1. For the chain, give the percent of accessible area contributed by carbon and sulfur heavy atoms, probe 1.4 Å, rounded to a whole number.
2. Averaged per residue, what accessible area in Å² does region 1-40 show with a 1.4 Å probe, protein chains only?
3. Using alpha-carbon positions, what is the distance between the centroids of region 150-185 and region 1-22, in Å?
4. As a test of the definition: which semi-axes, in Å, follow for region 131-215 when you take the square root of five times each eigenvalue of its alpha carbon gyration tensor? Largest first, please.
5. Taking N as the number of residues in region 18-76, what is its alpha-carbon radius of gyration divided by 2.2 N^0.38 Å?
6. If you roll a 1.4 Å probe over the heavy atoms of the protein chains, what accessible area per residue do you get for region 53-102, in Å²?
7. What is the Å³ per residue value for the convex hull set by the Cα atoms of region 67-159?
8. Two-decimal Rg/Rh of the chain from alpha-carbon positions, Kirkwood Rh?
Amino acid sequence: TARNYLAAVDATTGALDTSWNPNANSDVNTLSVSGGKVYVGGQFTSLGGTARNYLAAVDATTGALDTWNPNANFYVRALAVSGGKVYVGGYFSSLGGTARNYLAAVDATTGALDPSWNPNASGGVTSLSVSGGKVYVGGGFTSMAGTTRNYLAAVDATTGVLDTSWNPNANNYVNTLAVSGGKVYVGGNFTSLGGTARNRLAAVDATTGTLDPSW
């Protein structure tokens, strides 16, 4: 059954939801579900024939397009929802016509840009995870807020201020993150973190950024 870039299937049986069909016009790179909405990021410029540049929200039950429209100016690669905000990472340089380099926060209900939250990454953001009041960020950047951060950083979820103590220091791109049990699990193209060999997969302390020596 035709489904363009976005679909819903039954979690138990795998059967297609025949009524849920947002119909994106190009690639979908990332999804996050919260409050009855599915937040969608990618390379599309419309859903269901209605203009939506790289970011959209659809009803989790019906698939109907929401009025939520932050209007990024280029590809979105990562989303995370927490505390009424949607954190957005990608290759954009503005949202809603306001400058934001690769990383931004928008209101989960209205889509309005958070005017004060601006970590200012130096390169693409490809992964986000939120936990304990922090937004963990992975990607192709080498600085955040003008401070050196190689491919991994943590910023305050409320203010966007860089966590000056959390610095695992990967030696190449980070593509994915997951936080659980006081650890941040990191995957990507790196071969070391903090100068210690780790081939493409590692775990670091969520509070200190210290590499887990045994994992």
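1. Values: 4270 of 9390 Å².
So the carbon and sulfur contribution to the accessible surface is 45 percent.
2. That works out to 59 Å² per residue.
3. Region 150-185 and region 1-22 have Cα centres spaced 33 Å from each other.
4. 18, 15, 10
5. Values: Rg = 10.2 Å, N = 59, 2.2 N^0.38 = 10.4 Å.
Normalised by 2.2 N^0.38 Å, the Cα Rg of region 18-76 equals 0.98.
6. Working: 1950 Å² over 50 residues.
For region 53-102, the per-residue accessible area is 39 Å².
7. Working: hull volume 7.2 nm³, N = 93.
Per-residue hull volume (Cα only) is 78 Å³.
8. Details: Rg = 17.4 Å, Rh = 17.6 Å.
Computed over Cα atoms, the ratio is 0.99.
The values are calculated or read from the model by the stated rules, or taken from the named source; none is laboratory data. Computed from a predicted model, the values in this text were never measured in an experiment. No Cβ is skipped: glycine too gets one built from the backbone with ideal geometry, and neighbour counts run over all protein chains shown. The protein model used for the area step is the full one, side chains on, heavy atoms only, and it has no ligands, DNA or RNA in it. Shrake-Rupley method; radii C 1.70, N 1.55, O 1.52, S 1.80 Å.
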